[in-house]
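The values are calculated or read from the model by the stated rules, or taken from the named source; none is laboratory data. Worth saying up front: this structure is predicted, and the values here are computed from it rather than measured. No Cβ is skipped: glycine too gets one built from the backbone with ideal geometry, and neighbour counts run over all protein chains shown. What goes into the accessible areas is simple: the full protein's heavy atoms, side chains included, and nothing from ligands, DNA or RNA. Shrake-Rupley method; radii C 1.70, N 1.55, O 1.52, S 1.80 Å.
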Amino acid sequence: MDTSRIQHLIEDGLAAMRLAEPAGLAVALSAYIALLEKWNQAYNLTAVRVPEEMVPRHIMDSLVLLPFLAAGRVLDVGTGAGLPGLVLALARPGQDFVLLDASGKKTRFVEHAAERLGLKNVTVVKSRVEEHDDPEGFAMVVTRAFASIADIIRAAGRQLRPGGVMLVMKGSFPEDELLALPPGWRLQAVHRLKVPGLRAERHLLEFCREEDAK
């Protein structure tokens, strides 16, 4: 992997998004890509094989969530190889993230990556979200949609504290899925995202409980 090239691509993406990032973020993110490329050869963590393609499709596609993150603990459901949670944790070192996935090989990688990158604000959990019990709850649940919106809300909604928000990333606008929202939930906002280097459609949907609606 050409580390210098990957770092420059990340820096270009950060500049395009005009993000105020912590010092050394591009270096840390390029180190993460190096780890992901290495583990991917044996464990098939992501279908994206080329490091240059990982920058827009994984790194920038995760960082684009930053302007929408509220303060407080964040749960990343179905984190896979740490996306978007590990990337967000690198960009927000003062915020706590719990990265959850049911796959042991993926959580082992995320634990290894968090340790190698020196992340102190990440907790990795191997579990199905329906079975995860966290009495403290979360201010925000995020996911790069692993299922239909209705299924995501039914599975992960109880993880939110009162007043919490669920952020669901989708490709094209999921009009049909929005017709089947579970009772007691509301679509609070929709954001069409522009990801540097990515031509595909991206939408971010914010959901809250009816009683918490603004």
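Taking K194 as the anchor, which lysines have their alpha carbon closer than 19 Å to its alpha carbon, excluding any fewer than eight residues away along the same chain?
Excluding near neighbours in sequence, the set is K170.
Taking the Cα centre of the stretch 71-199 as the origin and placing charges on Cβ (Lys, Arg +1; Asp, Glu -1), which of P183, P196, G118 is farthest toward the positive end of the dipole?
P196
Where a ≥ b ≥ c are the square roots of the eigenvalues of the C-alpha gyration tensor, would you call the stretch 1-78 rounded, which needs a/c under 1.5, or, failing that, prolate if a/b is larger than b/c, or oblate?
Details: a/c = 2.05, a/b = 1.25, b/c = 1.64.
Oblate.
Tell me the carbon and sulfur percent of the accessible area for the stretch 20-162, rounded to whole percent, probe radius 1.4 Å. Mind showing how you got there, number by number?
Numbers: 2880 of 5890 Å².
Exposed carbon and sulfur together represent 49 percent of the surface.
How large is the dipole of the stretch 1-151 about the Cα centre if only Lys and Arg carry +1 and Asp and Glu carry -1, each at its Cβ, rounded to the nearest 20 debye?
Numbers: 15 positive and 19 negative charges, 57 e Å.
For this selection, approximately 280 debye.
If I take the Cα coordinates of the stretch 46-106 and project them onto the principal axes, what are the three extents in Å, biggest first?
Taking the Cα atoms of the stretch 46-106, the three principal extents are 33, 26, 16 Å.
Which of the aspartates and glutamates could be linked to K106 by a straight reach, that is with a Cα gap under 15 Å, when you skip same-chain ones fewer than 8 residues away?
Output for K106: E37, D76, E115.
Given contacts defined as C-alpha pairs under 8 Å and at least six residues apart, what's the relative contact order of the stretch 1-84, whole-number percent?
Values: 53 pairs, mean separation 26.8, N = 84.
Reported relative contact order: 32 percent.
Sorted from largest down, give the three principal axis spans of the alpha carbons of the stretch 67-167, whole angstrom values.
35, 28, 24 Å, listed from the longest principal axis down.
What does the charge count near I153 come to, summing +1 for each Lys or Arg and -1 for each Asp or Glu among other residues with Cβ under 11 Å from its Cβ? Display every interim value, and only then the final one.
Details: positive: R154, R158, R186, R209; negative: D151, E177.
Computed value for this residue: +2.
Let me check against my output: what whole-number percent is the relative contact order of the chain, with C-alpha pairs under 8 Å and at least 6 apart? Don't skip to the answer; put the middle values down first.
On the way: 369 pairs, mean separation 35.6, N = 214.
Averaging sequence separation for qualifying contacts and normalising by length gives 17 percent for the chain.
Output the 0 to 90 degree angle, nearest 10, between the alpha-carbon long axis of helix 104-116 and the longest principal axis computed from the alpha carbons of the chain.
Roughly 60 degrees between the two axes.
Which whole-number percent gives the relative contact order of the stretch 69-166, counting Cα pairs below 8 Å spaced six or more residues apart? Before the final figure, lay out each step's value.
On the way: 173 pairs, mean separation 30.9, N = 98.
The normalised contact order for the stretch 69-166 reaches 32 percent.
Just the accessible area per residue of the chain, please: how many Å² with a 1.4 Å probe? Numbers along the way, then the final one.
Details: 10120 Å² over 214 residues.
Per-residue value: 47 Å².
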